[in-house]
Amino acid sequence: MSAAAESETRSESEAPERPSPYDRPFDDSRIVKYGQTPGWEVLRQVAQEIPAVDAAIQALIAEMGDLMYGAHGVGLAAPQIGRSIRLLVYDAGEGLKALVNPVILKKRGEQIEPEEGCLSIPGLRGVVRRANEITVRAQDGAGKPIRFRAVEFEARVIQHEVDHLDGVLFIDRAEPDTLHMEPADPAKADAPAE
Ligand SMILES: [Zn+2]
């Protein structure tokens, strides 16, 4: 099921008066595409620590959320919009979350589903083995230090996005013979992209 479909189901059952943030035309035009967008090499750089969560960072978080939903994605890292800083946003089904300077402290277990896709490599999907459970230290969108455990899909999305901050792409980790093309709009594919 796509991120958009899941979200529509949720909004119908829990908040029928509020439209889903995914309920808009697909637009990934501002996402940096691997090997295509001028300056795409930012996707291969190790991003810089963010010294303070100020108004500019908070505005960037809001903008990244908007671009992520517009691209019908479930996660977006700052390098994917050309900013080489350690910031990511995601929505694993509980609304938009932002992580500043995230560090994965512990990894446990293994998961292999769902297949991953990446907003910066439109349409390509494949199987990536990820830890099933992680402990994360970061700052939230208000700059508050946080430490939490994430499991399953949320853990997968965070691992994918933290990889982006280190210049690592899912194609580096995917089982090579599972890589295949699906429609670029994740809403029309079997799984969301990040
Ligand atoms: Zn990605």
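Quick look at the numbers
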{"item": "Long-range neighbours under 6 Å by Cβ, at least six apart or interchain, first residue assigned to a loop (DSSP other than H, G, I, E, B) and buried (at least 16 other Cβ atoms within 10 Å of the Cβ) within the range 77-96, second at pLDDT 95 or above and of a type in the set (Phe, Trp, Tyr)", "result": "92/153"}
{"item": "Considering residues of the range 127-158 that are in contact with a Lys or Arg (Cβ under 8 Å, 6 or more places away or on another chain) and closer than 23 Å to residue 179 by Cβ only, the residue surrounded by the fewest Cβ atoms within 10 Å (Cβ to Cβ)", "result": "129"}
{"item": "Residue tally, condition farther than 14 Å from residue 160 by Cβ and within 12 Å of the ligand (Cβ to nearest atom), over the range 79-135", "result": "2"}
{"item": "One residue from 146, 158 being β-branched (Val, Ile, Thr), out of contact with any helix residue (DSSP H, G or I) (no Cβ under 7 Å at 6 or more places or on another chain) and away from the ligand (no atom under 15 Å from the Cβ)", "result": "146"}
{"item": "Strands (runs of 3 or more DSSP E) enclosed by the range 109-194 - at least 1 residues per element that are more than 18 Å from residue 90 (Cβ to Cβ)", "result": "121-126, 145-151"}
{"item": "Flag for residue 185 being more than 14 Å from the ligand (Cβ to nearest atom), modelled with pLDDT under 95 and surrounded by fewer than 23 Cβ atoms within 10 Å (Cβ to Cβ)", "result": "yes"}
{"item": "Residue that is free of Cβ contacts under 8 Å to residues at least 24 places away in the same chain and away from the ligand (no atom under 16 Å from the Cβ), where the choices are 172, 163, 177, 140", "result": "177"}
{"item": "Residues of the range 79-106 satisfying the condition of being under 23 Å from residue 124 (Cβ atoms) and in contact with a Ser or Thr (Cβ under 7 Å, 6 or more places away or on another chain)", "result": "80"}
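Table: residues versus (1) within 14 Å of the ligand (Cβ to nearest atom); (2) farther than 13 Å from residue 119 by Cα; (3) not in a helix (DSSP H, G or I).
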position: 22; (1), (2), (3): no, yes, yes
position: 25; (1), (2), (3): no, yes, yes
position: 30; (1), (2), (3): no, no, yes
position: 42; (1), (2), (3): yes, yes, no
position: 57; (1), (2), (3): no, yes, no
position: 63; (1), (2), (3): no, yes, no
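The values are calculated or read from the model by the stated rules, or taken from the named source; none is laboratory data. Everything numeric here is computed off the predicted structure, so don't read it as measured data. Note: ideal-geometry Cβ built from the backbone for every residue, glycine included; neighbour counts use all protein chains shown.
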